[in-house]
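*Asks:* Dropping the structure in here first, questions after.
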Amino acid sequence: MLYYNIKTPSEVVPLERAVIDGVSEDGGLYMPQSIVRLPQAFVRNMGHMTLHEIAYAIANFAFQCDIEASVLRDIVRQTLNFDIPLHRVDDNHYVLELFHGPTMAFKDVGARFMAHLLHYYRSLHHQWPTIHVLVATSGDTGAAVANSFVGVPGVHIHVLYPHEALSYVQEAQFATLGDNVTALEVNGTFDDCKRLVSKAFVDPELNDALHMTSATSVNVARILPQTFYYFYAIAMLSRQGVDVSDVVFAVPSANLGNLTSGLMARAMGLPVKRFVSVENENNIFYNYIKTGYFIAKDSVASIAPALDAGNPTNMPRVMELLGNYSEIRRMIHAYTYNDEMIVDTIRDTDHRHGYLLDPHSAFAWQGLCDDLRPGEVGVSLATAHPAKFATTVEHATGREVPMPPQLLRYLKGTRRVTPINNGYTTFKRYLLQYAHG
Ligand SMILES: *Cc1c(COP(=O)(O)O)cnc(C)c1O
């Protein structure tokens, strides 16, 4: 299977290139040339399969011959070494908990898969120079990527994050790892961090000196594995005897990576009635659905920091997958809420159902509740564990949120941080130390 560059469709590359480059030289995102439709018999029988069996079958179809079956089986097993439970709230409303991985956020699925895939490619090409993964983070991405790639030989992770903008646990999740992970504390904002990384990717001198790639959801290796849990959700519903012909999925959206994976799962033959995409006040996609105009903005901070994206990077993939504006409007209903409304949602859901939602998951849940029609079944994707945002959740519910051992262990580690200013020259000089290494 080959992957084409959306910006320059005549440029096609094998999976390996798409993964190690992240984006194409002109900044275009890669897409599979064709999306394999899974046999309907497979979809009908999923109810009898485990998460690993489903994920492996999909990976095998999607990567047709690109990767040996036994290697894929290992990658799937190593990626998904945690549960993805489906929590039933009532007959029509379900929550898919994607936050039981090592950093307790859904990005663990995509980041771990990508890390294992890169590890495999490295083992085939010992002569490759070190691959430098640059990530700008406002919290979750840095943690998921760093924890997935720590210890992978031939890869170095550089996490850029804004000085004093992250919670102590969030910073500890990557700054205590050491080894091949460097935490760069930038004296500036999250937008400064993103600017430094984007500039580095297109800097010819740096590109000559080192191999850099992105592990955000621009990388296809992050998007493909996220299709697994959409299939698994439907499998769990049918196992419980639920009619799965009218299922609606609700997603908390920032860069639209999760939504893109859902659309891809549908293109592969998963029965989905529609998607509900929910944003905070960084509502670029919502405005696009309402007006037909896609207008990027500077991001504003919220109680759900991973949703603070002012220029959703996967928009070109959403367009490729659905083709035109009217089809996008038909398949995706968009909602936007402010922080106050979401604090109410967290409180209400706790009081009425005894269920704790983190702020990100609460956005999706509210959208699902507002969109679902009688008789439909809805699955809301919960993307972070409530303990990651304990202050907000405790303030909303008046309940104490215990810190899970997975998060506590980071607090015991030693933080190692490299402070830099927000100037590009400093960052470039820092990266050039690694030239020819
Ligand atoms: C990254 C993230 C999102 C947004 O996902 P996209 O793929 O960028 O739309 C939502 N919730 C959490 C907790 C996240 O970390």
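The values are calculated or read from the model by the stated rules, or taken from the named source; none is laboratory data. Small disclaimer: the values here were computed from a predicted structure and weren't measured. A quick note on method: Cβ atoms are made from the backbone with ideal geometry, for glycine too, and the neighbour counts reach across all protein chains shown. Calculation scope for accessible area: heavy atoms of the full protein, side chains included, ligands and nucleic acids excluded. Shrake-Rupley method; radii C 1.70, N 1.55, O 1.52, S 1.80 Å.
*Asks:* Would you mind getting me the FRET efficiency between residue 319 and residue 370? Use the beta-carbon distance for r and R0 = 22 Å, nearest 0.05.
*Replies:* Efficiency computed from Cβ-Cβ geometry: 0.30.
*Asks:* Using the structure shown, list the pairs from 107/428; 194/297; 297/428; 107/199; 7/107; 194/290 with a Cα-Cα distance above 20 Å, or answer none.
*Replies:* Going by Cα-Cα distance, 107/428; 297/428; 107/199; 7/107; 194/290 fall outside the 20 Å limit.
*Asks:* At a temperature of 10 °C and a viscosity of 1.306 mPa s, determine how fast the stretch 264-310 diffuses translationally according to Stokes-Einstein, using the Kirkwood radius over alpha-carbon pairs as Rh; express D in µm²/s, rounded to the nearest whole number.
*Replies:* Answer from the Stokes-Einstein relation: 128 µm²/s.
*Asks:* For the ranges 277-287, 125-135, what's the packing order if you count other beta-carbon atoms within 10 Å of each residue, average per peptide, and put the highest first?
*Replies:* 277-287, 125-135
*Asks:* Return one whole number: the accessible area per residue of the stretch 249-361 in Å², for a 1.4 Å probe.
*Replies:* 37
*Asks:* Using only the alpha carbons, work out the radius of gyration and Dmax of the chain in angstrom.
*Replies:* 20.6, 61
*Asks:* Compute the distribution of all C-alpha to C-alpha distances in the stretch 165-314, in bins of 5 Å from 0, and list the percent of pairs in each, rounded to whole numbers.
*Replies:* For the stretch 165-314, the pair-distance distribution reads 2, 8, 13, 16, 18, 16, 12, 9, 5, 2, 1, 0.
*Asks:* Sequence-distant or interchain residues sharing an amide H contact under 5 Å with residue 213, placed H: which?
*Replies:* 132, 133, 134
*Asks:* Explain nothing, just compute: Karplus ³J(HN,Hα) = 6.51 cos²θ - 1.76 cosθ + 1.60, θ = phi - 60°, for every residue of the stretch 110-126 in order, whole Hz, x for Gly and Pro.
*Replies:* x, 5, 5, 4, 4, 5, 5, 5, 5, 4, 5, 4, 4, 5, 7, 10, 5
*Asks:* Which of the lysines could a cross-linker bridge to residue 412, judged by Cα under 17 Å and excluding same-chain residues fewer than eight apart?
*Replies:* 388
*Asks:* Which whole-Hz ³J(HN,Hα) couplings does the stretch 247-262 yield from phi under the Karplus relation 6.51 cos²θ - 1.76 cosθ + 1.60, θ = phi - 60°, glycine and proline marked x?
*Replies:* 8, 10, 10, 10, 10, x, 10, 10, 8, 6, x, 5, 4, 4, 5, x
*Asks:* When the helices in the chain are scored as -39500 (n - 2.57) per DSSP H run of 4 or longer and the sum is shared across all residues, what 222 nm value do you end up with, to the nearest 500 deg cm²/dmol? Before the final figure, lay out the partial values.
*Replies:* On the way: 20 runs with 193 residues, N = 437.
Result for the chain: -13000 deg cm²/dmol, rounded to the nearest 500.
*Asks:* If you don't mind, another one. Of all alpha-carbon pairs in the stretch 42-134, indicate the percentage at a distance above 22 angstrom.
*Replies:* Tail fraction, whole percent: 41.
*Asks:* Calculate I(q)/I(0) for the stretch 1-155 by the Debye formula, one identical point scatterer on each C-alpha and no solvent, and give its log10 at q = 0.13, 0.19, 0.21 Å⁻¹ to two decimals.
*Replies:* -0.74, -1.41, -1.51
*Asks:* Ignoring any ligand, DNA or RNA, what whole percent of the accessible area of the chain comes from carbon and sulfur when the probe is 1.4 angstrom?
*Replies:* Exposed carbon and sulfur together represent 50 percent of the surface.
*Asks:* Separate question: Near the amide H of residue 276, under 5 Å away, which other amide H atoms are found, from residues 5 or more places off or on another chain, if H is placed in the peptide plane?
*Replies:* 249, 250, 251, 333
*Asks:* Size of the stretch 245-353 along its principal axes in angstrom, Cα-based, largest extent first?
*Replies:* Principal-axis extents of the Cα atoms in the stretch 245-353, largest first: 37, 36, 21 Å.
*Asks:* Please list the non-local residues whose amide H lies under 5 Å from the amide H of residue 421, H modeled 1.01 Å from N, same-chain partners needing a gap of 5 or more.
*Replies:* Here 187 satisfy the definition.
*Asks:* For the stretch 392-437, what mean projected area does the convex hull of the alpha carbons give, in nm²?
*Replies:* Averaging across all directions leaves 6.4 nm² for the Cα convex hull.
*Asks:* Using bins 5 angstrom wide from zero, how does P(r) for the stretch 79-198 break down, in % of all Cα pairs?
*Replies:* All Cα pairs considered, the percentages come to 2, 12, 19, 19, 18, 13, 9, 5, 3, 1, 0, 0.
*Asks:* So, by mean Cβ neighbours within 10 angstrom, what's the order for 335-344, 208-217 with the highest one leading?
*Replies:* Descending packing order for the listed peptides: 208-217, 335-344.
*Asks:* Under 11 Å from the 7 Å Cα→Cβ point of residue 128, by amide nitrogen: which residues of the stretch 4-25?
*Replies:* Only 16-22 fall inside the zone, counting backbone N under 11 Å.
*Asks:* Please list, in order along the stretch 282-288, the HN-Hα scalar couplings obtained from phi with the Karplus expression 6.51 cos²θ - 1.76 cosθ + 1.60 (θ = phi - 60°), rounded to whole Hz, x for Gly and Pro.
*Replies:* Once rounded to whole Hz, the list reads 8, 9, 5, 6, 4, 5, 4.
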